[in-house]
Each structure stands twice: as C-alpha cells, then as structure tokens.
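The values are calculated or read from the model by the stated rules, or taken from the named source; none is laboratory data. Here the structure is a predicted model, which is why all the values come from computation and not from measurement. Quick reminder, even Gly has a Cβ in these numbers, built from the backbone with ideal geometry, and neighbours come from all protein chains shown. The accessibility values were calculated without ligands, DNA or RNA, using every heavy atom of the protein model including side chains. Shrake-Rupley method; radii C 1.70, N 1.55, O 1.52, S 1.80 Å.
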Amino acid sequence: QVQFVESGGGLVQAGGSLRLSCAASGILFSIVPMGWYRQAPGQQRELVATISNGGRTTNYADSVKGRFTISKDNAKNTVYLQMNSLKPEDTAVYYCNTKSGTDYWGQGTQVTVSS
C-alpha cells in the first residue's frame, strides 16, 4: 500500500530554517518524480517543489525559489525539503507525494512561522 510519512515541522521565527523529511513506501521510489506540497488554512493545496527520479532536476514555485531545496535519497526512499529564510506566509501543513499526485496522502507536518 502506498504510504507517505512526513516529519520535521515545527514552530520557528521568521528567518529561521527547518528540514522536512518524508518516508515513502509502496511505490517504486527510485523511478518516480516526487514533490512537496503545502496547504495553508482556507487555501487549496499547492505544489511547491519537485524533483526528478534521479534527483538531478528540481523545480520550485516562485514563492519559495532560492529559499527551499528539495532532495531525495533513493536508498532510503526518503525525500527532503530544506527550508531557509522562512516567512510567515510559509505557514502551512506540508505534504509529500509523487509529482503527479496520488490518492494517498499522509498526515502532513505542520510548519508555523512567527513574525
């Protein structure tokens, strides 16, 4: 069964950093492009970062470009999101999934950035 387990969120002051992790199972992780998504209260879920199956190609939403870095470890079936220079508008629940999305969503990890 497909499963994503996110961790690493928390409360941080503006300008701070967090590193999110997501352990995936039930998919052929090494051949699947992955993505990090976020959903703020009252807003739709948005895709903020993607990474190719081999990890060589990454893409970012304009709102996080230059501040967030996505990476993956195929040996550990884990994808990461390094978030630097955090802003209050980054406050959201963060999820990982395949780049194209599946019907299986984890519980997410809450990121709260205080001003």
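Structure notes:
- Förster-model FRET efficiency, 41 Å R0, Asn74 and Ala14, C-beta, rounded to 0.05: 0.75
- Accessible-area rank, largest first, for Asp62, Asp73, Asp103, Asp90: Asp103, Asp62, Asp73, Asp90, with all protein chains present and a 1.4 angstrom probe.
- Taking Lys and Arg as +1 and Asp and Glu as -1, the other residues whose beta-carbon sits under 11 Å from that of Asn53 total +3.
- For Lys72, the residues whose amide H sits under 5 Å from its own are Tyr80, ignoring neighbours fewer than 5 places away on the same chain, with H placed 1.01 Å from N.
- For Lys76, the lysines whose Cα comes closer than 29 Å to its Cα, not counting residues fewer than 8 places off in the same chain, are Lys65, Lys99.
- Fluctuation leader among Ala61, Ala75, Ala40 - the chain, Gaussian network, Cα springs under 10 angstrom: Ala75
- Gly10 long-range amide H proximity, modeled H, under 5 Å: Val111, Thr112
- Sparse packing (at most 10 other Cβ atoms within 10 Å of the Cβ) combined with a DSSP loop state is found for the following trypsin sites (Lys or Arg not before Pro) in segment 7-115: Arg56.
- Residue by residue, segment 86-94 carries 3J(HN,Hα) couplings of 5, 10, x, 6, 7, 4, 4, 8, 9 Hz when phi is fed to the Karplus relation 6.51 cos²θ - 1.76 cosθ + 1.60 (θ = phi - 60°); x denotes Gly or Pro.
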